[in-house]
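Contents: one structure, followed by commentary.
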Amino acid sequence: MKNLSLIISITFVTSSIAVADDGALRNWPSFRGPLSTGVAPLAHPPVTWDESTHVKWKVTVPGSGNASPIVWNDQVFVLTAIPTGKKIVPKVGADTKPAPLPRPEPPANDPTAAGNRPPGGGGGGGGGRIQIEQPDEEQQFVVIAYDRTTGKVRWQQTARTELPHEGHHKDHGYASASPVTDGEVLIAYFGSRGLYAYDLNGKLLWQKDLGQQLTRNSFGEGSSPTLHGNAVVIVWDHEGDDFIVAFDKRTGKELWRKPRQESTNWTTPLALDYEGHTEIIVNSGNKVRSYDLADGATIWEAGGQTQNAVPTPVPGHGRVYVMSGWHGGALQAITLGRKGDLTGTDAIAWSHNKGTPYVPSPLLYGDQLYFFANNNAQLSIVNALDGKKWVEAERLEGIYGVYASLTGANEHVYVTGRNGAVWVLKNGTTLEVIAKNKLDDAFDATPALVGNDLFLRGHQNLYALTESSPTKP
């Protein structure tokens, strides 16, 4: 507890989950890590690797999914959707879902443009047109726990088997929401296929069916759950009735539910403790909102983000940093402790309006705030205190597109490309490249950094990379 309190007092942030000791700091409990900033404060993962060096193990993950791996002690958890081979012809008539909304033309640097496709598949379609893969095969929605030391499957549970009711973007999939754990329960979320709570031995504790989402342009679903204390929080933003809801992690009992007025969003809520209460902050195209975890009441809200909000906010320095980058750019440093509508007020400590990310979430490492421009490997580093630009949209040649969020450990920053390239930078105010690594896979999922290990979930495989001279995890 002393270690946890010390780190919180230094960085002015708290974890996105509640912990009784420093267990979360020694693990990677959610896709943004133990501090919700992208930093693993106690990890010393490798800096260099390839297919033949520093590979602890490598296993093929059945099915597909962009859900990031998470780690607790000796287990690595992954969600995936596995085709059963059973082809189903969709019914025509009353059971057919409504036609998708008209598809806007993507900007030139949108991932759906042909020129931004990574090698070996996973692109968006020729001529800049958006390709949607419609469902015609039954899927198993599966939770897998791997042994952290050997890579062997410890347990595997099929949450549900069904034909999805709508398709997804070609770069997307049916298992994009990352799991989350606090060492007591594992929360697995498959969106329209349900919310599930397991113990860490794979026993199902409870499950909830929240209905069916109709996403913009049938892009698919991707918002991950947030776990804090005894509450599991889900944001349900789609082309229908929107809401945010909290469930008791132990029983699945609904604690509260509040309506929202948004279009489809793919962002994950941020939970943080501030001045004696817990806020749930949700990035959104219409307004960023902070909810009180106790009862769901709105604490504050602020306009100014772009549509299709995806990046998860990061906390630090008594602020929360919120950004989005579809058809525009928005970065706001919002001061905590305020109430009401903060739009246009001095609660917005500083802001930028270009070079911000579409999909990948930012990294806050000390005073350095790192983020990409759209989904391109153009990296910016700004001073989180005053917004001063140290590095502005500098191109990282050799990295072909970025969906994975930035991560950091041991004063290093890990940049994960869609073409299998992972660069390691020195944390600081200049762009100093320490190593350029490449593996035989493509990566869209955010890596997990724990102890001496780095876990990378690719389109085909799950890699466990390790430092050759181990330190205490």
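Of the strands (runs of 3 or more DSSP E) lying entirely inside region 1-101, those carrying at least 2 residues that are under 24 Å from the mean Cα position of the chain (by Cα), under 30 Å from residue 240 (Cα atoms) and at pLDDT below 95 are 75-87. Within region 204-244, the set of residues being under 20 Å from residue 79 (Cβ atoms), touching a strand residue (DSSP E or B) at 6+ places or on another chain (Cβ under 7 Å) and surrounded by fewer than 19 Cβ atoms within 10 Å (Cβ to Cβ) comprises 204, 205, 206, 207, 208, 210. The residue that is surrounded by the most Cβ atoms within 10 Å (Cβ to Cβ), counting only those in region 149-182 that are of a type in the set (S, T, N, Q) and assigned to a loop (DSSP other than H, G, I, E, B), is 178.
Could you identify the single residue in 408, 401 that is crowded, with 24+ Cβ neighbours inside 10 Å and at pLDDT below 95?
Working: 408 fails: at pLDDT below 95.
Exactly one residue qualifies, and that residue is 401.
Residue-by-condition table, conditions (1) surrounded by fewer than 19 Cβ atoms within 10 Å (Cβ to Cβ); (2) of a type in the set (Lys, Arg); (3) within 20 Å of the chain's Cα centre (by Cα):
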site: 414; (1), (2), (3): no, no, yes
site: 421; (1), (2), (3): no, no, yes
site: 430; (1), (2), (3): yes, no, no
site: 442; (1), (2), (3): no, no, yes
site: 446; (1), (2), (3): no, no, yes
site: 451; (1), (2), (3): no, no, no
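Within region 335-378, the set of residues being over 19 Å from the mean Cα position of the chain (by Cα), outside any loop (DSSP other than H, G, I, E, B) and either without any contact (Cβ under 8 Å) to a residue 40 or more places away in the chain or buried (at least 23 other Cβ atoms within 10 Å of the Cβ) (or both) comprises 335, 349, 350, 352, 378. In the set 301, 275, 279, only one residue is at pLDDT below 95 and either among the polar types (S, T, N, Q) or out of contact with any helix residue (DSSP H, G or I) (no Cβ under 7 Å at 6 or more places or on another chain) (or both); that residue is 275.
Of everything in region 137-153 that is closer than 21 Å to residue 207 by Cβ and not β-branched (Val, Ile, Thr), the residue that is modelled with the highest pLDDT is 145.
Just a yes or no: is a residue in region 438-454 hydrophobic (A, V, I, L, M, F, W, C), without any contact (Cβ under 8 Å) to a residue 60 or more places away in the chain, within 29 Å of residue 222 (Cα to Cα) and not in a loop (DSSP other than H, G, I, E, B)? Yes: region 438-454 contains one or more residues that are hydrophobic (A, V, I, L, M, F, W, C), without any contact (Cβ under 8 Å) to a residue 60 or more places away in the chain, within 29 Å of residue 222 (Cα to Cα) and not in a loop (DSSP other than H, G, I, E, B).
The criterion of at least 1 residues that are under 18 Å from residue 30 (Cβ atoms) is met, among strands (runs of 3 or more DSSP E) falling completely within region 199-274, by 226-228, 231-236, 242-248, 270-274. Residues of region 275-293 that are in a strand (DSSP E or B) and farther than 11 Å from residue 235 by Cβ: 277, 278, 279, 288, 290, 292.
Quick check, is residue 134 of a type outside the set (D, E, K, R), closer than 21 Å to residue 89 by Cβ, exposed (fewer than 15 other Cβ atoms within 10 Å of the Cβ) and at pLDDT below 95? Considered against the rule, which asks whether it is of a type outside the set (D, E, K, R), closer than 21 Å to residue 89 by Cβ, exposed (fewer than 15 other Cβ atoms within 10 Å of the Cβ) and at pLDDT below 95, residue 134 comes out as yes.
Just to be sure before I move on: is residue 310 of a type in the set (A, V, I, L, M), farther than 14 Å from residue 341 by Cβ, crowded, with 18+ Cβ neighbours inside 10 Å and at pLDDT 95 or above in the structure I sent?
On the way: of a type in the set (A, V, I, L, M): yes; farther than 14 Å from residue 341 by Cβ: yes; crowded, with 18+ Cβ neighbours inside 10 Å: yes; at pLDDT 95 or above: no.
Judged against the criteria, residue 310 is not a match.
For region 151-174, the set of residues classified as touching a Gly at 6+ places or on another chain (Cβ under 9 Å), among the charged types (D, E, K, R) and within 27 Å of residue 466 (Cα to Cα) consists of 154 only. Residues in region 303-319 that are of a type outside the set (A, V, I, L, M, F, W, C) and either outside any loop (DSSP other than H, G, I, E, B) or under 16 Å from residue 383 (Cβ atoms) (or both): 315, 316, 317, 318, 319. The set of residues in region 249-301 being charged (D, E, K, R) and within 18 Å of residue 210 (Cβ to Cβ) consists of 249, 253, 254, 257, 258, 260, 262. Looking across region 317-329, the residues that are surrounded by fewer than 24 Cβ atoms within 10 Å (Cβ to Cβ), of a type in the set (Gly, Ala, Ser) and either under 24 Å from residue 425 (Cβ atoms) or at pLDDT 95 or above (or both) come down to 318, 329.
Kindly evaluate residue 263 against the criterion of being buried (at least 20 other Cβ atoms within 10 Å of the Cβ) and either among the polar types (S, T, N, Q) or touching a helix residue (DSSP H, G or I) at 6+ places or on another chain (Cβ under 7 Å) (or both).
Details: buried (at least 20 other Cβ atoms within 10 Å of the Cβ): no; either among the polar types (S, T, N, Q) or touching a helix residue (DSSP H, G or I) at 6+ places or on another chain (Cβ under 7 Å) (or both): yes.
So residue 263 fails the test.
The values are calculated or read from the model by the stated rules, or taken from the named source; none is laboratory data. This is a predicted model, so every value here is computed, not measured. Reconstructed Cβ throughout: ideal geometry from the backbone, glycine too, with neighbour counts over all protein chains shown.
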